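One structure below.
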Amino acid sequence: MINKPLRTEIIAVGTELLLGQIANTNAQWMSEQLAAYGINTYFHTVVGDNLERLTTIMERARERSDVMIVSGGLGPTEDDLSREAFQQISHLSIIEDEPSLQKIKSFFKSQGIEMTPNNRRQARIFENSTLLENKYGMAPGNIVEHEGKIWIFLPGVPREMKQIFSDDVLPYLRHLNGEQVIESHILRFIGIGESSLEHKLKDLISGQQNPTIAPLADKDGITIRLTAKAETNEIAKKMLLKTKAAILERVGQYYYGENGATIEEKIFHLLQAYNKKLAVAESLTGGAFQSKFVSVSGAATVFNGGIVSYAPSTKINVLRVAEETIDQHGTVSKQCATEMARNVCELMDANISLSFTGVAGPEPAEGQEIGTVFICLYDRDKNVELVERYQFHGDRKHIRYRSVLKGFEKLFKYLNLQK
């Protein structure tokens, strides 16, 4: 019997996976199911339909894992080699399962199709193993206990794999693992870097055991994944809440939500809470901020509108930025950003506004280097204007997205101060 907790490895077999012709969704799905019951997946491996390489991968897997789940390579063709590879390292006998063979024969007969001899390959299992019924296809699954390790062979067809896994594999592994569960929460932060966040939580992270604390960079800020393992979901959730409270006591001012929450949804709810209407003027971001914000359902209740003003003439004729401002300071300036924010707020009859102007590339402009960005936040009710210069790095796409995210960050910080 295996010592708990189980160390599980998923081996996906198929050259089409390596070529990128199909995605390895089987491994992702199985890992999610296993994690929900406290079963740790330590490795994902993808290997092509090659006997030598498949054998090598299996040898490596049995050295480091307790349970090997092999998905794919059970079909009727000569390149379906999962059984053959395991036989190479185990020297176990492969037998033809008569009920499985009769099922295959019955299928071809019912379809009026002549069964070719190679389809008999799908009825093969290892001697003295546990057969797993395939209700949607031909090749059965197979559980083999060998030299203190567990080998589980499943079809690669997702529908067939999921049925066998849900009906037979998961209950089997849950019993071995002692019925533990895993609960995870994702905490989301903006306005603080990964290194700064980790520094503020250094002692909590270094002393972690259960729950575990894992800071991760995300395209919309920083996330912390909290993971607790316990006998029940209720106990695990209580453990997570306690750890979450300890984290937010230190960095709560940067926290905007958890799990699937987005920064645009948070801004939407803050604007709603303070009964504020938003307007936006965009130059280098080209409407990207507005596009991201209006993806939130109900955004029209807090967003009055915006103007995309790339050309200086549009800034002058539509946004009413003074010609003197552009002549003296240029379009990439604090002065221009401030007038853009003030004027769009008036034009759209909003309470609060943002403006974006800068140089995203590919060439410098107006004596400003690539990545120079000015963002202004204007509160019409309080006559407050907050304009800052930023220097972003990366390609054009990255600079524009960083600008959009910084705009959300400015709004988040400002609106949080209104509490």
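Any idea which of GLY361, GLY394 is modelled with pLDDT under 95 and within 27 Å of PHE189 (Cβ to Cβ)?
The match here is GLY394.
Would you please name the residue that is surrounded by the most Cβ atoms within 10 Å (Cβ to Cβ), looking only at residues in segment 123-138 that are among the small types (Gly, Ala, Ser) and modelled with pLDDT of 95 or more? Once the filter is applied, the top-ranked residue is ALA123. Residues that are of a type in the set (D, E, K, R) and more than 19 Å from the chain's Cα centre (by Cα) within segment 220-261 comprise LYS229, GLU231, GLU234, LYS237, LYS238, LYS242, LYS244, GLU249, ARG250, listed in sequence order.
Report yes if ASN351 is exposed (fewer than 14 other Cβ atoms within 10 Å of the Cβ) and among the polar types (S, T, N, Q), otherwise no. Judged against the criteria, ASN351 is not a match. The number of residues in segment 168-200 being small (Gly, Ala, Ser) and either touching a helix residue (DSSP H, G or I) at 6+ places or on another chain (Cβ under 8 Å) or within 20 Å of GLU234 (Cβ to Cβ) (or both) comes to 3. Checked across segment 267-282, the condition of being among the hydroxyl-bearing types (Ser, Thr, Tyr), closer than 17 Å to THR357 by Cα and in the same structural domain as GLU385 (by TED's automatic domain parsing) holds for no residue. Could you please let me know if VAL387 is under 22 Å from THR262 (Cβ atoms), at pLDDT 95 or above and not small (Gly, Ala, Ser)? No, not satisfied. When each of GLU346, GLU385, GLU323, GLU369 is tested for being surrounded by fewer than 21 Cβ atoms within 10 Å (Cβ to Cβ) and touching a Ser or Thr at 6+ places or on another chain (Cβ under 6 Å), the lone residue that passes is GLU385. Test ASN134 against the stated conditions and say whether it is in a strand (DSSP E or B) and either within 34 Å of the chain's Cα centre (by Cα) or closer than 27 Å to GLN33 by Cα (or both). Considered against the rule, which asks whether it is in a strand (DSSP E or B) and either within 34 Å of the chain's Cα centre (by Cα) or closer than 27 Å to GLN33 by Cα (or both), ASN134 comes out as no. Exactly one residue out of GLY156, GLY148 is in contact (Cβ under 8 Å) with a residue 40 or more places away in the chain, surrounded by 13 or more Cβ atoms within 10 Å (Cβ to Cβ) and of a type in the set (Gly, Ala, Ser): that is GLY156.
Scanning segment 388-401 for residues that are crowded, with 19+ Cβ neighbours inside 10 Å and not aromatic (Phe, Trp, Tyr), we see that the one that is nearest to GLY193 (Cα to Cα) is ILE399. Pairs under 9 Å by beta carbon, first residue more than 16 Å from GLN272 (Cα to Cα) and modelled with pLDDT of 95 or more in segment 398-419, partner aliphatic (A, V, I, L, M) and part of a helix (DSSP H, G or I), six or more apart or different chains? Partner pairs satisfying both residue conditions: ARG400/ALA288; TYR401/ALA288; SER403/ALA288; VAL404/ALA288; LEU405/ILE263; GLU409/ILE263. Per the listing VAL344, VAL296, the residue uniquely closer than 21 Å to TYR414 by Cβ, out of contact with any His (no Cβ under 7 Å at 6 or more places or on another chain) and free of Cβ contacts under 8 Å to residues at least 40 places away in the same chain is VAL296.
Yes or no: segment 255-269 includes at least one residue that is assigned to a helix (DSSP H, G or I), acidic (Asp, Glu), surrounded by 16 or more Cβ atoms within 10 Å (Cβ to Cβ) and touching a residue at least 60 places away in the same chain (Cβ under 8 Å). Yes, the conditions are met somewhere in segment 255-269.
Checked against the criterion of being in contact with a helix residue (DSSP H, G or I) (Cβ under 7 Å, 6 or more places away or on another chain) and exposed (fewer than 15 other Cβ atoms within 10 Å of the Cβ), the candidates THR45, THR77, THR116, THR55 yield just one match: THR77.
Checking each residue in segment 270-304 for being assigned to a loop (DSSP other than H, G, I, E, B), crowded, with 19+ Cβ neighbours inside 10 Å and aliphatic (A, V, I, L, M) picks out LEU284, VAL302.
The values are calculated or read from the model by the stated rules, or taken from the named source; none is laboratory data. Keep in mind that this is a model prediction, so the values were computed, not measured. Cβ atoms come from the backbone with ideal geometry, glycine included; neighbour counts cover every protein chain shown.
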